[in-house]
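Undergrad: Handing you this structure, nothing more for now.
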Amino acid sequence: MKNNSTLIFSIALNGYQWLYHKELDSHHQYASKQGYDYQAVTRPYFSKLGVECCWLKLTLMQQAFNAGYEVVVFLDADAFVQASCPPIETVFKPHKYFFMAKGYTQRFNSGVLIAKNESKVREWLNLLINHRNHQVAEQCNVGWGENGHIIEFSQNCSFIQELNNKWNNTFDSELDDYIRHENFGPLRTNFLYNLIHKLISRTSRLLQKINKPISKTALQLELETQKIVKYYAIFRPVSQA
């Protein structure tokens with residue numbers, strides 16, 4: 001078991017580690033304030049998964065559970081944690097083990113995920129990963145990545161608890177939020193940020209086209225996950241760290 005029971009991590013590859021350095025700093029500051037472990041995954045600097053590297057949040061969450069963390073929190077690289085953000089423990093409720101807020105489309109947004117190390121959660125994450133080639137229903141589809149699968153497979157899942165939008169604010173500029181997440185929605189108004197983001201996104205999609213899409217192979221996802229684990233001992237059990 002890790003000395004600290006809670007891990008917060010983020011993934012910022014393919015140029016996002018430089019674009020969102022302020023947001024990543026806010027994650028680190030929040031974790032330090034609350035006494036949590038924190039890891040920004042910024043290596044390898046460029047991932048062959050391209051835009052589909054978002055699937056790594058699920059495999060790395062599993063790795064963190066295996067490493068002994070009792071609570072694992074994932075934050076998107078473009079999510080800014082406010083200084084007023086309360087401890088993670090304040091969202092916990094009996095018999096609830098996975099926590100998400102809904103975005104501006106009124107569907108679950110996977111930019112902020114809070115998870116307890118429970119068998120139901122680990123089994124559910126495996127289900128998502130093993131069905132990454134599953135075509136989700138149109139009402140759940142977001143075009144790419146794992147978010148559509150999270151939306152679909154969270155339906156009627158009793159251990160999942162909806163968070164207040166303060167924990168993942170993607171649309172309300174007036175909200176006194178805890179975490180402000182620009183995402184691709186109404187809060188992304190900075191022209192320069194938008195331009196740079198589009199350039200990085202297009203380059204990332206090109207990387208994906210050069211390689212096999214994540215929906216076609218499990219091997220690349222596994223290889224990228226293990227590569228990250230080698231870089232970051234925090235995702236390894238204490239005996240292997």
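Undergrad: Translational D (Stokes-Einstein, µm²/s) of segment 1-156 at 10 °C and 1.306 mPa s when Rh comes from the Kirkwood sum over C-alpha pairs?
TA: 98 µm²/s
Undergrad: Here's another thing I want to ask about it. Please go through segment 126-168 and write out the GluC sites (Glu not before Pro) that DSSP classes as loop and that have at most 16 other C-beta atoms within 10 Å.
TA: 138
Undergrad: Give the Debye-formula value of log10 I(q)/I(0) at each listed q (0.20 Å⁻¹), with one equal scatterer per alpha carbon of segment 92-151, two decimals each.
TA: The calculated log intensity ratios at q = 0.20 Å⁻¹ are -0.83.
Undergrad: Then there is this: Roughly speaking, to the nearest percent, how much of segment 32-191's 1.4 Å accessible area is carbon and sulfur?
TA: 46 percent
Undergrad: So what are the ³J(HN,Hα) numbers for segment 50-64, from phi and the Karplus equation (6.51, -1.76, 1.60; θ = phi - 60°), rounded to whole Hz, Gly and Pro as x?
TA: Result, ordered by residue: x, 5, 7, 5, 4, 5, 5, 4, 6, 5, 6, 5, 4, 4, 5 Hz.
Undergrad: At a threshold of 8 angstrom on Cα-Cα distance, excluding pairs fewer than six apart, so keeping six or more, what relative contact order does segment 1-120 reach in percent?
TA: 32 percent
Undergrad: Report the calculated FRET efficiency for residue 104 and residue 25 (r = Cβ-Cβ distance, R0 = 22 Å), to the nearest 0.05.
TA: Efficiency, rounded to the nearest 0.05: 0.30.
Undergrad: Note down the nm distance, to one decimal, between modelled labels 7 Å out along Cα→Cβ at residue 230 and at residue 131.
TA: 3.3 nm
The values are calculated or read from the model by the stated rules, or taken from the named source; none is laboratory data. Just so it is clear, the model here is predicted, and its values are computed rather than measured. Because the Cβ atoms are built from the backbone with ideal geometry, glycine has one as well, and the counts that use them run over all protein chains shown. Protein only, heavy atoms only, side chains kept; ligands, DNA and RNA dropped before computing areas. Shrake-Rupley method; radii C 1.70, N 1.55, O 1.52, S 1.80 Å.
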